[in-house]
Amino acid sequence: MSTPRSVYRQIAAELAAQADAEAAANHPQLARSHAELGLVYLAFETAPMSNPHVEAAWKAVEAARQSLTYGTAIGAQADTARARLHLALVELDDAQRTP
């Protein structure tokens, strides 16, 4: 993956704005889904792009974002959880390499 790091912050900021809009419209599940997905995008700022779990996490967040585009919080929550799991595995991989 060769996405510039600043793109993740931009996507997270867009998701934060959407989360605020959904909260204002009294759609708490969609607001939460947008917010949680934004937090996952921020994790890509420091993720080692060469790790295969990062690629799996990327695919999951893109699926979640697609779900939210069509207003489906449940699908987005499942994909966001998958992405978080893959990013946690990345952290474990990094911890095992650190003496």
Any residue at all in the stretch 55-65 that is surrounded by fewer than 20 Cβ atoms within 10 Å (Cβ to Cβ), touching a Gly at 6+ places or on another chain (Cβ under 9 Å) and either of a type in the set (Gly, Ala, Ser) or in contact (Cβ under 8 Å) with a residue 60 or more places away in the chain (or both)?
-> yes
The stretch 86-99 - residue that is touching a helix residue (DSSP H, G or I) at 6+ places or on another chain (Cβ under 8 Å) and without any contact (Cβ under 8 Å) to a residue 40 or more places away in the chain and, of those, surrounded by the most Cβ atoms within 10 Å (Cβ to Cβ) | HIS86
Conditions (1) in contact with a Ser or Thr (Cβ under 9 Å, 6 or more places away or on another chain); (2) within 16 Å of ILE11 (Cα to Cα); (3) open to solvent by 30 Å² or more (accessible area, probe 1.4 Å): number failed by ALA35 = (1)
Determine which single condition GLU22 fails, assuming it passes every other condition in (1) open to solvent by less than 40 Å² (accessible area, probe 1.4 Å); (2) out of contact with any helix residue (DSSP H, G or I) (no Cβ under 8 Å at 6 or more places or on another chain).
-> (2)
May I ask you to list the residues in the stretch 68-85 that are among the small types (Gly, Ala, Ser) and without any contact (Cβ under 8 Å) to a residue 24 or more places away in the chain?
-> GLY75, ALA78, ALA81
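Given the criterion out of contact with any helix residue (DSSP H, G or I) (no Cβ under 6 Å at 6 or more places or on another chain), at pLDDT below 95 and outside any helix (DSSP H, G or I), identify the matching residue among SER6, SER50.
After ruling out the rest, the residue left standing is SER50.
The values are calculated or read from the model by the stated rules, or taken from the named source; none is laboratory data. Remember, predicted model here, so these are calculated numbers, not experimental data. All Cβ positions, glycine included, derive from the backbone under ideal geometry; neighbour counts span all protein chains shown. Just the protein is used for accessible areas: all its heavy atoms, side chains included, with ligands, DNA and RNA removed. Shrake-Rupley method; radii C 1.70, N 1.55, O 1.52, S 1.80 Å.
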